[in-house]
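**Q** Have a look at the structure that comes next, please.
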Amino acid sequence: MFKRLKSSQGVTIIELMIALAILGLVVSVAFAIHSYGIASFTRGESLVTRQQNIRMVTRILSEEIRFAQDVVVVDSLTDPGYVYFWADDGSILKGTETNPETILGSTKNTSYSLEFNVVPPEEGEKDPRLVEITVRSESPQGVYEVTTSVQALNLPIEGIEKTGVGTVLGIRR
């Protein structure tokens, strides 16, 4: 038995180096694929989070507009009798100028903006009651935007006072 061990040849240093080079190549390819998978997952997760945040804000605004007694679309917070929705420094806020509440905060990489448009009545209609909401998210991965229209149900006959586009929505219940 010992004769057999002494006569058998081992692995040469060159064979060992070739085997290590092949192993290194396989490990580096596996690491590259893993890194790409992690980066793709992170981008996808970021997009899903932004979409979820925008849907939440759109739902809140839709409910507020739908059941409001008075709606104004303006460019600044003017009347203290309204609860306003606006974007400032990439965050979406609700409240008054002196008492704002953050609905959706900006992050290091993501900022949000709002735009409102009172859709003028079509021919034959008397009053504007349709508000178009655009919520936009910007990040290094790109821009994501949702636009929806909401019918205000509880407005008086005259409808929404100001027609046109603005960045601030005022609601009175």
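**Q** Compute the long axis of helix 13-66 from its Cα atoms, compare it with the longest principal axis of the Cα atoms of the chain, and write down the angle in degrees, 0 to 90, nearest 10.
**A** For 13-66 against the chain, the angle is about 10 degrees.
**Q** Which option, (i) 201; (ii) 136; (iii) 116, is the value of volume of the Cα convex hull per residue in Å³ that was calculated from these coordinates?
**A** The value computed from this structure is option (i).
**Q** Another question about this same structure. Nearest 500 deg cm²/dmol is fine: what mean residue ellipticity at 222 nm does the chain get from its DSSP H runs of n ≥ 4 alone, each adding -39,500 (n - 2.57), divided by its residue count? Please report the intermediate quantities before stating the final value.
**A** Values: 2 runs with 60 residues, N = 173.
Counting only the DSSP helices, I get -12500 deg cm²/dmol.
**Q** Right, here's the next one. With the cut-off at 1.5 for a/c, could you classify region 85-156 from its C-alpha gyration tensor as rounded, prolate or oblate? Could you put the intermediate results ahead of the total?
**A** Details: a/c = 3.96, a/b = 1.70, b/c = 2.33.
Oblate.
**Q** Here is a further query. Please compute the net charge surrounding THR58, taking Lys and Arg as +1 and Asp and Glu as -1 over other residues with Cβ under 13 Å from its Cβ.
**A** So the environment of THR58 carries a net charge of 0.
**Q** Could you work out what % of the accessible surface of region 1-91 is carbon and sulfur, using a 1.4 angstrom probe and leaving DNA, RNA and ligands out of the count?
**A** Values: 4480 of 6670 Å².
Carbon-and-sulfur percentage of accessible area, whole number: 67.
**Q** Okay, moving on. Hey, can you find the accessible area per residue of the chain for me, probe 1.4 Å, expressed in square angstrom? Spell out each step's value before the answer.
**A** On the way: 11480 Å² over 173 residues.
Computed with neighbouring chains in place, this is 66 Å² per residue.
**Q** Just how large is the dipole of the chain about the Cα centre, in debye to the nearest 20, putting +1 at every Lys and Arg Cβ and -1 at every Asp and Glu Cβ?
**A** Details: 16 positive and 21 negative charges, 364 e Å.
Charge dipole of the chain: 1740 debye, to the nearest 20.
The values are calculated or read from the model by the stated rules, or taken from the named source; none is laboratory data. The structure presented is a predicted model; accordingly, all values stated were derived computationally and were not measured. Cβ sites come from the backbone with ideal geometry, for glycine too, and all protein chains shown count toward neighbours. Just so you know, the surface numbers come from the protein's heavy atoms only, side chains and all, with ligands and any DNA or RNA stripped out. Shrake-Rupley method; radii C 1.70, N 1.55, O 1.52, S 1.80 Å.
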